[in-house]
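Have a look at the structure below, then the notes.
The values are calculated or read from the model by the stated rules, or taken from the named source; none is laboratory data. Not measured: the values here are computed from a predicted model. Virtual Cβ from ideal backbone geometry, glycine too; neighbours counted across all protein chains shown. Keep in mind that these areas ignore ligands, DNA and RNA; they rest on the heavy atoms of the full protein, side chains included. Shrake-Rupley method; radii C 1.70, N 1.55, O 1.52, S 1.80 Å.
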Amino acid sequence: MRYLSTRGQTPPLGFSDAVATGLAPDGGLFLPEKLPDVSGQLKRWEGLGYADLCFEFMRLFATDIPAPTLRAIVAKSYTAFSHPDIAPLKKLGPQLQVLELFHGPTLAFKDFALQLLGNLYEHQCQERGQSINVLGATSGDTGAAAIYGLLGKPGTAIFILYPDGRVSPLQERQMACTGAANVFALAVDGTFDDAQAVLKEILGDQELRLRLRLSAVNSINLARVLAQCVYYLYAWLKLPATERSNAEFVVPTGNFGNVLAGWMLQQMGVPIRGFKIATNQNDILYRLFTTGEYRVKDVAPSLAPSMDIQVASNFERFLYYSVGRDPARVRGIMAEFKATGAYRFDGWDRGTFTASHCTDAEIPGIIARVHHEHGYIVDPHTACAFKDLSPDRLSVVLATASPAKFPETIRAAIGVEPTDPSLEALKSRPVIKYRLPANATAIRAFIEAHAVRA
Ligand SMILES: *Cc1c(COP(=O)(O)O)cnc(C)c1O
């Protein structure tokens with residue numbers, strides 16, 4: 001299987017090269033040349049455990065990795081999950097199920113992809129005798145999940161920049177209390193935007209980039225989207241056969257990476273009824289899927305911070321399919337959007353997507369209602385998905401984070417504070433963070449001094 005860029009100006013790459021490259025050099029995102037039809041395999045896949053199912057699925061895509069090696073990489077990626085089902089499905093009512101995606105090491109769904117990505121990187125380092133230095137800027141969840149994906153892996157180092165004093169104490173502890181020698185939590189004196197600007201400047205230095213083999217953590221890596229297809233498949237296979245084709249997945253959405261994975265699986269022949277895009281008050285995708293207009297607005301920080309986005313970086317992949325896989329049209333639309341901050345789709349066909357949005361004022365009330373009606377505690381991101389569930393179908397809500405990550409919001413809503421043993425354990429460990437000014441020279445010098453070299 002080969003991988004093409006949505007912008008059509010990058011030669012096709014094999015799986016491992018596309019994963020190592022991340023963003024295509026033409027600015028596009030990688031997609032499989034052809035989506036396989038899996039409809040004939042579904043019967044055979046019923047009853048497989050999570051890691052076995054993930055292997056069966058990923059082998060259709062990772063065709064340049066020998067099957068036994070891939071099986072081992074996948075198996076290893078789901079050993080740090082604390083629930084035996086990895087992605088347990090819980091029934092809350094006759095028409096309502098929750099797919100819990102927060103039993104990984106950082107208690108959020110990003111672990112599903114980043115545990116696997118970390119092991120793919122490690123495999124490549126071994127295979128090619130190279131090292132890799134991963135860089136990212138975070139305002140919360142992605143940094144921790146990326147760190148746990150690479151924790152202690154030989155040949156790798158990870159540097160995560162975050163605004164000092166502006167991430168929650170628990171989030172900081174997840175990044176700065178790992179004790180791993182290859183992890184560097186860089187507390188930058190500035191805002192998230194400052195940290196991101198510095199990161200961009202450093203990654204823009206081609207000489208440094210090649211010499212230290214720098215790679216960016218981001219939400220657009222091909223392997224992330226493919227890994228995320230698997231929990232939709234796993235959940236769908238677990239539903240009673242009579243209900244499967246009536247199931248709508250309801251997905252707390254920010255950058256569109258999570259829900260895109262479900263949609264791609266549907267395109268591969270899995271008969272899913274549809275997807276609901278549940279946004280918070282930063283609702284560019286809600287507006288797009290209800291009006292056909294894609295228009296940027298300023299970000300308003302919310303109680304569901306991992307969905308605080310201005311533009312949805314993975315949307316370009318969906319766009320590519322929706323314009324008939326025509327890279328010239330993708331380039332035209334993205335250029336117009338970049339220049340004007342808006343694009344209007346005429347005759348927009350929203351396919352099987354529906355959308356909802358949820359303001360901060362609504363989130364605590366939803367947490368309280370779900371707790372009252374179902375005895376179930378949802379985190380503020382998942383709460384957005386409970387906004388208006390459709391009564392005529394089976395809703396499968398994706399729970400993207402553990403409520404224990406957001407104790408203050410939950411306490412304010414229902415008066416109790418959820419906890420998790422892994423977060424409690426962090427509280428007794430020393431915080432090891434490096435305070436640095438928000439300037440590229442200082443941070444670059446730090447990275448030079450601590451990078452791994454092959
Ligand atoms: C990242 C994240 C989201 C948004 O996922 P996208 O793939 O960006 O749409 C939702 N909830 C939580 C808890 C997250 O960490």
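Could you tell me which of the pairs Lys90/Lys238; Lys276/Lys387; Lys91/Lys405 are separated by over 19 angstrom between their Cα atoms in the structure shown? Mind showing how you got there, number by number?
On the way: Lys90/Lys238 11 Å; Lys276/Lys387 11 Å; Lys91/Lys405 23 Å.
Pairs exceeding 19 Å: Lys91/Lys405.
Converting the Cα gyration tensor eigenvalues of segment 101-140 into ellipsoid dimensions via √(5λ) gives semi-axes, longest first, of 23, 14, 5 Å.
Which of rounded, prolate, oblate describes segment 269-310, given a ≥ b ≥ c as roots of the alpha-carbon gyration tensor eigenvalues and a/c under 1.5 marking rounded, otherwise prolate only if a/b is larger than b/c?
Values: a/c = 3.28, a/b = 1.62, b/c = 2.03.
Cα axes put segment 269-310 in the oblate bin.
Taking the inverse of the mean 1/r over every pair of distinct Cα atoms in segment 136-210 gives a Kirkwood hydrodynamic radius of 12.6 Å. Under the membrane-span-like helix rule (DSSP H runs whose alpha carbons stretch at least 24 Å along the helix axis, mean Kyte-Doolittle hydropathy -0.5 or higher), the chain yields 222-238.
With R₀ set to 22 Å, the beta-carbon distance separating Asp189 from Lys338 gives a calculated FRET efficiency near 0.10.
Note the per residue figure in Å³ for the convex hull of the C-alpha positions in segment 220-321.
Output value, Cα hull per residue: 106 Å³.
The listed residues Trp348, Trp236 rank as Trp348, Trp236 when sorted by accessible area, largest first, using a 1.4 Å probe.
The equivalent ellipsoid that matches the C-alpha gyration tensor of segment 3-47 spans semi-axes of 28, 11, 8 angstrom, in descending order. What's the whole-number percent of alpha carbon pairs in segment 186-254 lying beyond 14 angstrom? Cα-Cα pairs in segment 186-254 separated by more than 14 Å: 75 percent. Cross-link pairs exceeding 29 Å between alpha carbons, from the set Lys153/Lys433; Lys43/Lys153; Lys110/Lys338: Lys43/Lys153. All other residues whose Cβ lies under 11 angstrom from that of Gly274 are scored, Lys and Arg at +1 and Asp and Glu at -1, for a net of +3.
Take segment 256-368 with all the other protein chains still there, run a 1.4 Å probe, and you get 39 Å² of accessible area per residue. Accessible surface for segment 382-423, divided over its residues, is 36 Å² per residue with a 1.4 Å probe. Ignoring solvent entirely, what values of log10 I(q)/I(0) come out of the Debye formula for the chain at 0.07, 0.10 Å⁻¹ when each Cα is a single scatterer? So the normalised log intensities are -0.32, -0.70.
Sparsely packed loop sites in segment 20-104 (the GluC sites (Glu not before Pro) outside DSSP H, G, I, E and B with at most 16 other Cβ atoms within 10 Å) comprise Glu33, Glu46.
The Cα trace of segment 70-159 gives Rg and Dmax of 15.1, 53 Å, the first to one decimal, the second as a whole number. Of the accessible area of the chain, computed with a 1.4 Å probe over protein heavy atoms only, carbon and sulfur atoms account for 52 percent. Spin-label pair Ala180-Gln310: with each label point 7 Å from Cα along the Cα-Cβ axis, the two points sit 3.1 nm from one another.
Accessible area per residue was computed with a 1.4 Å probe on protein heavy atoms; Tyr434 scores about 70 Å². Taking the Cα atoms of segment 362-454, the ratio Rg/Rh between the radius of gyration and the Kirkwood radius comes to 1.21.
Grab the other residues whose beta carbon is less than 14 angstrom from that of Ser245, score K and R as +1, D and E as -1, and report the net. Walk me through the numbers before you get to the answer.
On the way: positive: Arg244, Arg273, Arg393; negative: Glu243, Glu248, Asp392.
Residues near Ser245 contribute 0 overall.
Using every pair of separate Cα atoms, the Kirkwood estimate puts the hydrodynamic radius of segment 95-239 at 16.1 angstrom.
From the gyration tensor of the Cα coordinates in segment 295-454, what semi-axes in whole Å does the equivalent ellipsoid have, largest first, with each one equal to sqrt(5λ)? Don't skip to the end; give the middle numbers.
Details: eigenvalues 220, 197, 42 Å².
Computed over segment 295-454, the values are 33, 31, 14 Å.
Sequence-distant contacts, meaning Cα pairs under 8 Å at least 6 residues apart, place the relative contact order of the chain at 19 percent. Which whole-percent values make up P(r) of segment 36-91 when all C-alpha to C-alpha distances are grouped in 5 Å steps starting at zero? Reading the bins upward from 0: 4, 17, 26, 22, 19, 9, 2, 1. Surface exposure of segment 71-228, expressed per residue as accessible area with a 1.4 Å probe, stands at 34 Å². Taking Cβ separations below 4.7 Å as the criterion for a possible disulfide partner, the isolated cysteines in the chain are Cys54, Cys125, Cys177, Cys229. Separation of segment 297-354 and segment 61-128, taken as the distance between their Cα centroids, equals 27 angstrom.
Give the value in nm², to one decimal: projected area of the alpha carbon convex hull of segment 1-128, averaged over all directions. List each step's numbers first, then the result.
Numbers: hull surface 39.1 nm².
Convex hull of Cα atoms, orientation-averaged projection: 9.8 nm².
Among residues other than Leu394 whose Cβ falls under 14 Å from its Cβ, what is the net charge (Lys/Arg +1, Asp/Glu -1)?
Working: positive: Lys90, Lys91, Lys238, Arg244, Arg273, Lys276, Arg393; negative: Glu243, Glu248, Asp392.
Taking every Cβ under 14 Å from that of Leu394, the sum is +4.
Using the Cβ-Cβ distance between Ser245 and Asp346 with R0 set to 30 Å, the FRET efficiency from 1/(1 + (r/R0)^6) comes to roughly 0.45.
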